[in-house]
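No lab work stands behind these numbers, since they all come straight from the coordinates. Computed from a predicted structure; not experimentally measured. Here the Cβ is made from the backbone with ideal geometry for all residues, glycine too, and neighbour counts use every protein chain on show.
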Amino acid sequence: MSGGGNEWMPVGWLNQQLVFKTAVETQSESGAMSISWADSFTCFGAHRDLKGREREVYGQEISEALAVFVIRYLAGTPAVNGSIAWRGADWEIMAPPVELGNKQGWQVYAKRRRADAVG
């Protein structure tokens, strides 16, 4: 590498808009607890599919996809109990983000599940 820059993660490669969301627990007037999602931050990053599968469970076809998202380094670690909204789908963050290099970026592993009725 020359110049000490981010040659391995060029700016043009991080061209997908990602919205990171954090789980927020709220209580209704009746006292029932529920989970909702609040936008935490928006950034540009890259997406790469890792694997996917489909299976039938109780008359529903479940499709599951695993992917990795790469974003530039941000001060502070992205939330583990969160999700990523990308291209109309919500991806559940599966594990603590992995730092790339010395504050070069973050790798975030996530999964998406979708259920469709069969028949």
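Overview of values
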| quantity | calculated |
| --- | --- |
| Residue pairs meeting the criteria (Cβ under 6 Å; at least 6 apart or on separate chains; first assigned to a loop (DSSP other than H, G, I, E, B), in region 46-73; second loosely packed, with under 15 Cβ neighbours inside 10 Å and β-branched (V, I, T)) | G59/V118 |
| Complete set of residues in region 74-89 that are surrounded by fewer than 15 Cβ atoms within 10 Å (Cβ to Cβ) and either touching a Leu at 6+ places or on another chain (Cβ under 6 Å) or not polar (S, T, N, Q) (or both) | L74, A75, G76, V80, R87, G88, A89 |
| Close pairs from region 23-38: first without any contact (Cβ under 8 Å) to a residue 40 or more places away in the chain and under 15 Å from G82 (Cα atoms), partner in a strand (DSSP E or B) and of a type in the set (D, E, K, R), Cβ under 7 Å, at least 6 apart | I35/E25; A38/K21 |
| Breaking point among (1) more than 17 Å from A23 (Cβ to Cβ); (2) of a type outside the set (D, E, K, R); (3) without any contact (Cβ under 8 Å) to a residue 24 or more places away in the chain, for I93 | (1) |
| Selected residue (criterion: surrounded by the fewest Cβ atoms within 10 Å (Cβ to Cβ)) from residues of region 102-113 that are farther than 20 Å from W37 by Cβ and in contact (Cβ under 8 Å) with a residue 24 or more places away in the chain | K103 |
| Condition broken by E61, with the remaining ones in (1) more than 19 Å from G105 (Cα to Cα); (2) exposed (fewer than 14 other Cβ atoms within 10 Å of the Cβ); (3) of a type outside the set (A, V, I, L, M, F, W, C) satisfied | (2) |
